[in-house]
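Shown next, in structure tokens, is the structure this report addresses.
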Amino acid sequence: MTNGTGTSRREFLRRSVMVAAGVTAGIPASRALADASAPAQSMRLVFATDTHLMQDNALRSEDGLIAALQAIDAVRPSPDVIVCGGDLTDPSPSLDYTPAEKLLDRFFDIWKQHISVETHYVFGNHDLVGTKNPAVSRDDPRFGKGLFQKHLDLPRLYYSFEKAGWRFIILDDVWPNPDGTYYAEYKADQLAFVQSELQKESSKPTIVACHIPAVSVFPALAGISKLNGSNIETASSLVSRNSKSLTDIIRGTAANVKLVLAGHLHHQERIDSDGITYLNGGAVCGNWWKGANMGCPEGFNVIDLHADSTFTLDYKTFGWKAG
């Protein structure tokens, strides 16, 4: 499939995603190395998460996604890079492979029709394929994370890239259980990867992105957490079960981590601790395209990154009216 300029969907994805080696398709390794050593510059990041595209435009999800992308495209100054925080589509865990692939194709077709900015995609729990469908073959390479990984042409779902002297670390913290449920955890290989990345240039301003939050008080405020004796317990499907392992590495390397981005909870939440901002973004789809989620409207974050390693952020809504 090609767009109006003759660019294939696969080529679009190759241009949209930077592979784990840290080299964007079409950019020579020498230039990538030069970019990696460059001092931090000012740039604009859009963090848009939880689009939850549904089949057959259910709940007008296609219309809503288009409206959100048009709003992102209208941001001025224009963003330099977009991080999409996962849950691209909604029903994929319950789908067979053909409809799941058709829906994911539709998501990327809509995205490329409205956005030309370099985009990096985080894996979300709704991006799992077939994990809630006992009829699908578990041996199919598209099962679970396979379809997402295939479409994005990624050797693995965690990697790093650099842009304008800022380092981005994309993590995959979603893990399926045999019964179709899931949990959040930073596995040992990813923790080792994070430590290695942060030790390389500890002073480089860094942004970490995952789908399920490392830190959140929203489950407690929303009454989702449970009180067990004197302990407040939050399910590992809501917040990572080993967040301390990640924060210990950040603290131990004394790295210049400025932001840890996540989505999943569909509610805008900012927590500042030890010089790090944990930003859990409000969802593009709000309450799964049914309106605002506990007062948080549909939207995305515009984050201005500055040359002195500081940043400012603004949660922007796009006037969507569920109906």
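Inverting the mean 1/r over all pairs of different Cα atoms, compute the Kirkwood radius of segment 77-117 and quote it in Å.
11.7
On average, how much accessible surface per residue is there in the chain, in Å², for a 1.4 Å probe, leaving out ligands, DNA and RNA? Mind dumping the intermediate values first?
Values: 13490 Å² over 323 residues.
Result: 42 Å² per residue.
For the charge dipole of the chain, defined by +1 on Lys and Arg C-beta atoms and -1 on Asp and Glu C-beta atoms about the Cα centroid, which residue among ALA192, HIS52, TYR278 has the Cα displaced farthest towards the positive pole?
ALA192
Pull out a ≥ b ≥ c, the square roots of the eigenvalues of the alpha-carbon gyration tensor of the chain, then state rounded if a/c is under 1.5, prolate if not and a/b is larger than b/c, and oblate in the remaining case.
Rounded.
Which aspartates and glutamates have a Cα less than 16 Å from the Cα of LYS316, not counting those fewer than 8 places away in the same chain?
Cross-link targets: ASP50, ASP73, GLU269, GLU298, ASP304.
In debye, nearest 20, what is the charge dipole magnitude of the chain about its Cα centre with +1 on Lys and Arg Cβ and -1 on Asp and Glu Cβ, if you could check?
220
Taking 8 Å as the Cα distance limit and 6 or more residues as the minimum spacing, I'd like the relative contact order of the chain as a percentage. Walk me through the intermediate numbers first.
On the way: 706 pairs, mean separation 64.8, N = 323.
Averaging sequence separation for qualifying contacts and normalising by length gives 20 percent for the chain.
On a 29 Å Cα-Cα criterion, which of the cross-link pairs LYS150/LYS290; LYS150/LYS321; LYS102/LYS200; LYS187/LYS226 come out too long? Before the final figure, lay out each step's value.
Details: LYS150/LYS290 31 Å; LYS150/LYS321 34 Å; LYS102/LYS200 41 Å; LYS187/LYS226 25 Å.
Where the Cα-Cα span goes over 29 Å, the pairs concerned are LYS150/LYS290; LYS150/LYS321; LYS102/LYS200.
Using 0.36 nm per residue of separation minus the Cα-Cα distance, give me the extension gain between ALA188 and ASN228 in nm, one decimal.
11.5 nm
Pairs of alpha-carbon atoms within less than 8 angstrom and 6+ residues apart define the contacts here; what relative contact order does segment 224-307 have, in percent? Can you show the working numbers first?
Details: 104 pairs, mean separation 14.7, N = 84.
Contact order relative to length: 18 percent.
Starting from the Cα of SER203, step 7 Å along the direction of its Cβ; do the same at SER116; then give the gap between the two resulting points in nm.
Inter-label distance under the simple model: 3.8 nm.
Quick check: at a probe of 1.4 Å, how many percent of the accessible area of segment 204-310 sits on carbon and sulfur atoms?
52
Nearest 5 is fine: what % of DSSP beta bridges in the chain come out antiparallel, could you say?
On the way: 32 of 53 bridges.
Roughly 60 percent of the DSSP beta bridges within the chain come out antiparallel.
Name the shape class, rounded, prolate or oblate, that the alpha-carbon gyration tensor gives for segment 140-237, where a ≥ b ≥ c are the square roots of its eigenvalues, rounded holds for a/c under 1.5, and otherwise prolate holds if a/b is larger than b/c and oblate otherwise. Show your work: numbers first, answer last.
Working: a/c = 2.46, a/b = 1.29, b/c = 1.91.
The shape class here is oblate.
May I ask for the longest run of the chain untouched by trypsin sites (Lys or Arg not before Pro) that are loop-located per DSSP and have at most 14 neighbouring C-beta atoms (other than their own) within 10 Å?
1-137
With a cut-off of 8 Å between alpha carbons and a minimum separation of six or more residues, what is the relative contact order of segment 66-200 in percent?
Computed over segment 66-200, the figure is 22 percent.
Just from its helices, what would the mean residue ellipticity at 222 nm be for the chain, if runs of 4 or more DSSP H residues each count -39500 (n - 2.57) and the sum is divided by every residue, rounded to the nearest 500 deg cm²/dmol?
Mean residue ellipticity at 222 nm (helix-derived): -7500 deg cm²/dmol.
Quick one: Cα centre-to-centre distance for segment 257-323 and segment 134-181, in angstrom?
Segment 257-323 and segment 134-181 have Cα centres spaced 22 Å from each other.
Specify the residue with the greatest mean-square fluctuation among ALA262, ALA222, ALA40, computed from a Gaussian network of the chain linking alpha-carbon atoms under 10 Å apart.
The residue with the greatest mean-square fluctuation here is ALA222.
With each pseudo-label sitting 7 Å past Cα toward Cβ, what's the ALA254-ARG76 distance in nm, one decimal?
In this crude spin-label approximation the distance works out to 4.5 nm.
Explain nothing, just compute: Karplus ³J(HN,Hα) = 6.51 cos²θ - 1.76 cosθ + 1.60, θ = phi - 60°, for every residue of segment 293-307 in order, whole Hz, x for Gly and Pro.
My calculation for segment 293-307 gives 9, 6, x, 9, x, 4, x, 8, 9, 9, 10, 8, 9, 10, 5 Hz in order.
Classify segment 56-171 as rounded, prolate or oblate from the Cα gyration tensor: take a ≥ b ≥ c as the square roots of its eigenvalues, call it rounded if a/c is under 1.5, otherwise prolate when a/b beats b/c and oblate if not.
oblate
Give the lysines whose C-alpha is closer than 20 Å to that of LYS204, dropping any in the same chain fewer than 8 places away, or say none.
Partners found: LYS163, LYS258.
The values are calculated or read from the model by the stated rules, or taken from the named source; none is laboratory data. Note that this is a predicted model, so its numbers are computed, not measured. Note that each Cβ is placed from the backbone with ideal geometry, even for glycine, and that neighbours are counted across all protein chains shown. To get the accessible areas, we keep the full protein, side chains included, count just its heavy atoms, and leave off ligands, DNA and RNA. Shrake-Rupley method; radii C 1.70, N 1.55, O 1.52, S 1.80 Å.
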